[in-house]
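Quick notes on the structure that follows.
The values are calculated or read from the model by the stated rules, or taken from the named source; none is laboratory data. Because the structure is predicted, anything quoted here is derived from the model rather than measured. Neighbour counts run over all protein chains shown; Cβ positions are idealised from the backbone, glycine included. Remember, those area values only see protein heavy atoms, side chains included, never the ligands or the DNA or RNA. Shrake-Rupley method; radii C 1.70, N 1.55, O 1.52, S 1.80 Å.
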Amino acid sequence: MTRILIINNDLNITTSIRKIIKNNLPASKIITANSEGKVLEKAQKDIPDVIILFINGKDNSAIGIMKKFRDTVLLKKIPILLFLSIQGDSKNKAKFYKLGADAILSFPIEKDELIAQIKLLNRIKTAEEKLRIEKDRLEKLWI
């Protein structure tokens, strides 16, 4: 089961994203939060596999949230799918990748692209976890 944390202040968009995910990834668990809430604590409690974070032109709190995730040991390896409310130019996208985004999508929401990105990010996270476990196992053998 893939645990997905959706962080967004717009309930209509969150509901749409939730519906798309549930219809296409029915075994997933969806956790929601808004950027004013205790997002970090919620994420540390539920440990998502993928984080979907929304940035709109009026509210840049998502950038601060992304930085907090990347600075938190327990959460820094969780892939972040960033949604931009407007088409981002390559300079803005590069800035968001430097801040810690793993993938970036823009509105309007394309269902197939969203699901493909979630699957890809989850597969990458799973592979990285397996590599870390194997690395730790091998290091213990050499000690």
For this session: Name the single residue, out of those in region 77-94 being open to solvent by less than 90 Å² (accessible area, probe 1.4 Å) and without any contact (Cβ under 8 Å) to a residue 24 or more places away in the chain, that is farthest from the chain's Cα centre (by Cα).
Result: 89
For this session: Give 17, 4, 21, 31 a once-over and let me know the one that is open to solvent by less than 20 Å² (accessible area, probe 1.4 Å) and over 20 Å from residue 65 (Cα atoms).
Result: 21
For this session: Look through region 96-111, keep the residues that are under 16 Å from the mean Cα position of the chain (by Cα) and without any contact (Cβ under 8 Å) to a residue 24 or more places away in the chain, and return whichever of them is farthest from residue 15 (Cα to Cα).
Result: 98
Exercise. Quick one: would you say residue 67 is touching a Lys or Arg at 6+ places or on another chain (Cβ under 6 Å), over 25 Å from residue 16 (Cβ atoms) and exposed (fewer than 13 other Cβ atoms within 10 Å of the Cβ)?
Worked result: no
Exercise. Taking into account only those residues within region 34-49 that are modelled with pLDDT of 90 or more and within 22 Å of residue 84 (Cα to Cα), which is surrounded by the fewest Cβ atoms within 10 Å (Cβ to Cβ)?
Worked result: 49
Exercise. With respect to residue 114, is the statement that it is touching a helix residue (DSSP H, G or I) at 6+ places or on another chain (Cβ under 9 Å), in contact (Cβ under 8 Å) with a residue 24 or more places away in the chain and not in a helix (DSSP H, G or I) true?
Worked result: no
Exercise. Residue check: is residue 136 closer than 16 Å to residue 55 by Cα and open to solvent by 60 Å² or more (accessible area, probe 1.4 Å)?
Worked result: no
